[in-house]
Amino acid sequence: MNKRKLGKTDMKLTALGFGGAPLGNLFKKLNESTSYKLIENSLKSKINMFDTSPFYGCGLSEHRLGNYLKNIKENKYYLSTKVGRYLVKNNNNKINRGFFKGGLNFRPEFDYSYDGVMKSFEQSLQRLAATKIDICLIHDVDRFTFGNDFEDYYKIAMKGAYRAINKLRDEKVIKAIGVGINDSDACAKFLNDGEFDCVLLAGRYTLLDQSALNDVFPIAQKNNIGVILAGVYNSGILAKGIGKNITYFYKKIPKRIAKKYILIKKICDKFNVPIPAAAIQFCYFNKLVSSMVIGMDTLQQIQQNINYLNHPIPKELWTELLKNQLIDERCFIK
């Protein structure tokens, strides 16, 4: 599998990364055996980027991922986790798990202060039980999560969380620091105000939403900041279509997005190319993108995404998408 350097770091990440949210029972419960087989098959498929968070299953994702990786040689993988929430033991029936169908009996508490982030990181080290954490990301400080309160949380995060992870990097506890975020304008604000190595941006550089071109990518290119993409299928629509129960950013699909999807599908069908193949290869065409983290909850999905990444796509398909103004010519930066 192709690898690209992550910004200024010495890490070379595979095109596909393993997103750890399913290990925390996102949308459905996974048993231990299935969880470990997913990690095992990802490693066998030469995937070397593994991303998780305390938020995923209230620590369950970190616990499962670390429990497997602790037996794997360090040079076989890169491990990323996030800070901004620490976990507090709680009764199962009092935990709001959101999209997660089960998990550990802990309640996530937002805390972007210096002490809160150090506490969160220490907890992650214990749950992961791995010998290293390579990348640490400030998680979810955006309008998608906090709405009108974003600016307040941003100030706290830059004063506390940024200082904490910067110290961890200076002390070589971790190799790289960044933000894991859902909004491109919020991401750009972080990159302008701090010295970050990378960003994990969800859903803002896809066939349906290329807003990162206007704010995040110019800064990343200028400052050699590594870009890791998540949500390349926009929470399902680019993988499953616009059928019943399919979402866009985990919400009902807007009419303008459904219309755009139909136009893209028409062009893909013309060239006999599955939309997921076009979606994943479109993202990776941009040389600023180091890796694409995808949540996979079945063994079939691992191979399927690898097949999509390698599916033959004629140049004429991209030309037609450009001609119909469905993608931007800046997407093909060299």
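The values are calculated or read from the model by the stated rules, or taken from the named source; none is laboratory data. Computed from a predicted model, the values in this text were never measured in an experiment. Quick reminder, even Gly has a Cβ in these numbers, built from the backbone with ideal geometry, and neighbours come from all protein chains shown.
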In contact with a strand residue (DSSP E or B) (Cβ under 6 Å, 6 or more places away or on another chain) and aromatic (Phe, Trp, Tyr) - does that describe any residue in the stretch 67-85?
yes
Checked the stretch 1-22 for anything over 18 Å from Lys175 (Cα atoms), of a type in the set (A, V, I, L, M) and either in a loop (DSSP other than H, G, I, E, B) or modelled with pLDDT under 95 (or both); matches are Met1, Ala15, Ala21
Regarding Phe196, is this residue in contact with a strand residue (DSSP E or B) (Cβ under 8 Å, 6 or more places away or on another chain), assigned to a loop (DSSP other than H, G, I, E, B) and under 24 Å from Arg330 (Cβ atoms)?
yes
Closer than 17 Å to Met1 by Cβ, outside any helix (DSSP H, G or I) and within 14 Å of the chain's Cα centre (by Cα): is that true of Phe50 in this structure?
yes
With (1) in a helix (DSSP H, G or I); (2) touching a Ser or Thr at 6+ places or on another chain (Cβ under 9 Å); (3) farther than 18 Å from Gln325 by Cβ as the list, and Ile280 as the residue in question, which single condition is left unmet?
(2)
The lone condition Thr319 fails out of (1) surrounded by 13 or more Cβ atoms within 10 Å (Cβ to Cβ); (2) hydroxyl-bearing (Ser, Thr, Tyr); (3) in a helix (DSSP H, G or I) is (1)
Report whether or not Ser33 is over 27 Å from Lys94 (Cα atoms), at pLDDT 95 or above and in a helix (DSSP H, G or I).
no
When the residues of the stretch 46-78 are narrowed to those that are surrounded by fewer than 16 Cβ atoms within 10 Å (Cβ to Cβ) and either polar (S, T, N, Q) or touching a Pro at 6+ places or on another chain (Cβ under 9 Å) (or both), which ends up farthest from Ser290 (Cα to Cα)?
Asn71
Selection status of Val88, touching a residue at least 60 places away in the same chain (Cβ under 8 Å) and either aromatic (Phe, Trp, Tyr) or within 27 Å of Tyr154 (Cα to Cα) (or both)
no
Anything in the stretch 283-315 that is assigned to a helix (DSSP H, G or I), under 25 Å from Asp269 (Cβ atoms) and not polar (S, T, N, Q)? List them, or say none.
Cys283, Tyr284, Phe285, Ile306, Tyr308, Leu309, Lys315
Assess whether Lys260 counts as being under 20 Å from Gly19 (Cα atoms), surrounded by fewer than 23 Cβ atoms within 10 Å (Cβ to Cβ) and in contact (Cβ under 8 Å) with a residue 60 or more places away in the chain.
no
Return the pairs, sorted by first residue and then second, in which the second residue is among the hydroxyl-bearing types (Ser, Thr, Tyr) and crowded, with 20+ Cβ neighbours inside 10 Å, the first residue lies in the stretch 171-197 and is at negative phi and at pLDDT 95 or above, the beta carbons are less than 7 Å apart, and the residues are 6+ apart or on different chains.
Lys189/Tyr154; Gly194/Tyr162
Among all residue pairs at least 6 apart or on different chains, which show Cβ distances below 8 Å where the first residue, located in the stretch 146-163, is over 13 Å from Lys189 (Cβ atoms) and of a type in the set (Gly, Ala, Ser) and the second is crowded, with 16+ Cβ neighbours inside 10 Å and modelled with pLDDT under 95?
none
Conditions (1) hydroxyl-bearing (Ser, Thr, Tyr); (2) under 20 Å from Ser45 (Cβ atoms); (3) surrounded by 19 or more Cβ atoms within 10 Å (Cβ to Cβ); number of the one not met by Tyr248
(2)
So in the stretch 299-327, with the set limited to residues that are touching a residue at least 60 places away in the same chain (Cβ under 8 Å) and of a type in the set (Val, Ile, Thr), which one is nearest to Asn214 (Cα to Cα)?
Ile327
Test: residue in the stretch 195-205 that is of a type outside the set (Asp, Glu) and surrounded by fewer than 23 Cβ atoms within 10 Å (Cβ to Cβ):
no
So if I check each of Leu213, Leu229, Leu299, Leu288, which one is of a type in the set (A, V, I, L, M, F, W, C) and buried (at least 21 other Cβ atoms within 10 Å of the Cβ)?
Leu229
Looking at the stretch 269-304 only, could you name the residues that are under 19 Å from the mean Cα position of the chain (by Cα) and basic (Lys, Arg)?
Lys287
